1. Of the GluC sites (Glu not before Pro) in the range B:92-137, which ones lie in a loop per DSSP and count no more than 14 other C-beta atoms within 10 Å?
2. What does the average come to when, for each residue of peptide B:212-219, you count the partner chain Cβ atoms lying within 10 Å of its Cβ?
3. Ranked highest first by the average count of other Cβ atoms within 10 Å around their residues, in what order do B:259-271, A:270-282 fall?
4. Among all the aspartates and glutamates, which ones have a C-alpha under 16 Å from B:Lys223's C-alpha, if same-chain residues fewer than 8 places away are not counted?
5. Of the residues A:Asn259, A:Asn287, A:Asn125, which exhibits the maximal mean-square fluctuation in a Gaussian network model of chain A defined by a 10 Å Cα contact cut-off?
6. Using protein heavy atoms only (no ligands, DNA or RNA), what is the total accessible area buried between A and B, 1.4 Å probe, nearest 100 Å²?
7. So how far, in whole Å, is the C-alpha centre of the range A:27-94 from the one of the range B:214-264?
8. Residue separation times 0.36 nm, minus the C-alpha to C-alpha distance between A:Val122 and A:Thr299: what's the value?
Amino acid sequence: MTAVALPIAARLRRGASRSRLGLLLDAVFSSGLFVGTFLGVLALGLLLWTVYDRGWERLASDPSGFFANFVSRFPARAGIKAALYGTAWLMGLTALFSFPIGVGAAVYLEEFAPRNRLTSFVEANIANLAGVPSVVYGILGLGVFVRFMRMGPSLLAGGLTLALMSLPLIIIAARESLRAVPVSIRLAAYALGATKWQAVRHHVLPAAMPGTMTGVILSLSRAIGETAPLIVIGAAVSIFNTPDDVRDPFSALPVLIFNWTSRPQPAFAEAAAAAGIVLLAMLLAMNTVAIFLRKRFATRW
Amino acid sequence: MRRLGGRGIRWGAVSLALALVLAGCGGDDDGGGTAGTGGAGEQHTLSGSISIDGSSTVAPVSEAIAEEFRKDHSAVNVSVGTSGTGGGFKKFCANEIDIADASRPIKDEEKEACAAAGVDFTEFRVGLDGLAIVTSAQNEFLQCLSIEQLATIFKDGGASTWNQVDPKFPNQKIAIFAPGSDSGTYDFFVEEVLGDPKKPESLKPRSDYTASEDDNTLVQGIKGEKNSWGYFGFAYFNENKNVLKAIKVSGKDGKCVEPSDATVESGDYPLSRPLFIYVKKSALARPEVKEFVRFYLETTPEIITDVGYTAAPEEDYKSGLDQLK
């Protein structure tokens with residue numbers, strides 16, 4: 001690239017800004033970018049189509065049974081009830097734990113933390129944690145929540161593990177949106193005699209909420225699609241009752257899908273695809289809420 | 001300076017809304033208490049929970065049993081996990097679960113771990129899983145292979161073309177699709193064909209082949225390649241009979257045996273592994289666990305073919321039931 005680009009830069013400097021080569025390169029570059037964008041959409045489309053193609057028939061043929069039945073050795077009778085409840089519980093618990101802690105950490109780091117070595121050490125670690133593979137959080141969850149804190153492979157352990165996994169992303173997203181609130185808002189609050197806490201609580205935080213919520217929901221939707229950490233902490237595949245409280249063992253949609261795809265009977269692969277449709281629908285619904293919040297409540301300064 | 005605002009935080013409502021997701025999914029099913037000590041003996045009042053974990057091979061059997069068991073005992077909550085045989089024993093010996101599913105007998109070091117934690121257990125053989133040696137349905141020359149020939153294919157530095165296995169075979173590259181080294185199927189095959197990996201005289205397995213932990217992926221690879229070779233559970237062959245061909249295996253007596261439920265059960269087919277459940281003795285004292293295990297041993301012969309495995313010889317179940325008494 002540079003070999004070609006350099007002479008053009010030289011030409012531009014000479015004033016031949018509208019040279020044909022320049023225009024050609026312009027076209028090549030922008031169509032390259034378009035192809036790049038399009039490939040992403042194409043991959044998504046292909047994924048949606050494959051899942052739809054393999055699973056829709058199974059889902060549409062007996063939707064009530066698919067949602068209301070527990071697992072079965074007969075793929076035609078197998079349903080996702082326990083896994084669906086498990087995933088819904090996990091979502092709620094993960095949100096419950098990660099939202100206050102994540103937003104609290106972001107507010108502290110952005111508004112209150114002194115600029116010192118310790119703070120920058122914490123900041124660097126949060127950024128690094130965001131890149132840690134999810135299975136590592138599973139190992140952590142197994143060691144700390146399941147074993148050490150004796151929670152067993154319960155919903156509580158699963159929710160805490162997923163919350164831990166979501167935290168770095170939530171903190172980063174919340175900090176970004178706090179940072180986007182102009183200083184003038186804070187200064188105006190101080191000018192009227194507000195304390196720092198009052199300025200944050202009444203002005204900065206509400207203004208940053210849409211962006212924060214978007215970040216929370218997106219990281220939640222990443223969390224509910226996770227399989228590895230749940231398998232590591234010992235989520236069940238076959239369970240024949242829905243959880244009553246957070247101490248109960250649980251199953252989850254990704255775990256069930258993973259298990260069904262590895263079964264010998266091809267009909268289980270169809271059931272897995274059908275469960276995939278349900279999971280995708282949940283993810284898309286959550287992302288839609290995120291987009292709605294951003295569009296509806298976003299403040300322009 | 002920092003005075004805490006006393007009144008209700010408005011944006012807290014948003015997090016509350018998220019928390020309400022919880023409320024939307026309150027369980028509506030049979031509650032089921034935790035300890036089923038009451039009403040011992042009375043079948044219909046059994047309650048409590050039974051936690052099973054371990055081999056993903058055995059899990060479908062346990063799942064099928066649990067499915068049938070809950071028809072009569074809906075207040076007993078059974079959960080089946082798939083941490084793998086090794087992972088299951090770890091939890092079993094750490095006193096975290098009641099029953100361990102296993103696709104191999106317990107190892108000595110696992111026994112020691114159980115003993116150290118004071119976990120006393122009983123082993124029950126619940127079925128057999130035949131290992132199918134397969135090639136593509138398009139392949140014509142492969143009919144029967146001996147254990148020695150299997151070793152030639154799978155040992156480290158082994159045959160790369162088929163005529164090195166048998167001079168009568170064509171000079172074609174062998175395309176191997178086999179389970180990866182994390183798989184229990186791999187462990188079993190290596191031990192049976194190449195010898196106990198702990199013994200120095202045993203052959204080392206090769207690693208230059210297409211490996212996958214997902215048997216369905218292996219099926220896809222093998223069916224598309226005329227000179228392919230691989231192995232996996234009999235159930236995966238059975239579901240793909242139209243695109244795969246099972247190669248007969250000859251044992252010590254030199255007789256070629258086709259894998260089938262009959263030859264696996266009789267023990268004529270040389271490559272089949274036993275499937276086990278290990279039950280904690282302290283758990284067996286609980287009526288719901290005892291009844292579940294009894295039901296397991298009585299029902300397995302009827303349902304095990306539904307999940308693709310072969311029933312163990314009848315004596316195995318009988319002696320298991322005797323041990324329960």
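1. Taking the range B:92-137 and a limit of 14 other Cβ atoms within 10 Å, no loop GluC sites (Glu not before Pro) are found.
2. 2
3. For the peptides B:259-271, A:270-282, the packing ranking is A:270-282, B:259-271.
4. Hits, sequence-local ones excluded: B:Glu140, B:Asp214, B:Asp215, B:Glu239.
5. Largest GNM mean-square fluctuation: A:Asn125.
6. Roughly 4200 Å².
7. 32 Å
8. This chain segment gains 60.8 nm when fully extended.
The values are calculated or read from the model by the stated rules, or taken from the named source; none is laboratory data. This one's a predicted model, so the numbers in the text were calculated from it and none came from an experiment. Methodologically, a virtual Cβ is constructed for each residue, glycine included, from the backbone with ideal geometry; neighbour enumeration extends over all protein chains shown. These area figures cover heavy atoms from the full protein model, side chains too; ligands, DNA and RNA do not enter into them. Shrake-Rupley method; radii C 1.70, N 1.55, O 1.52, S 1.80 Å.
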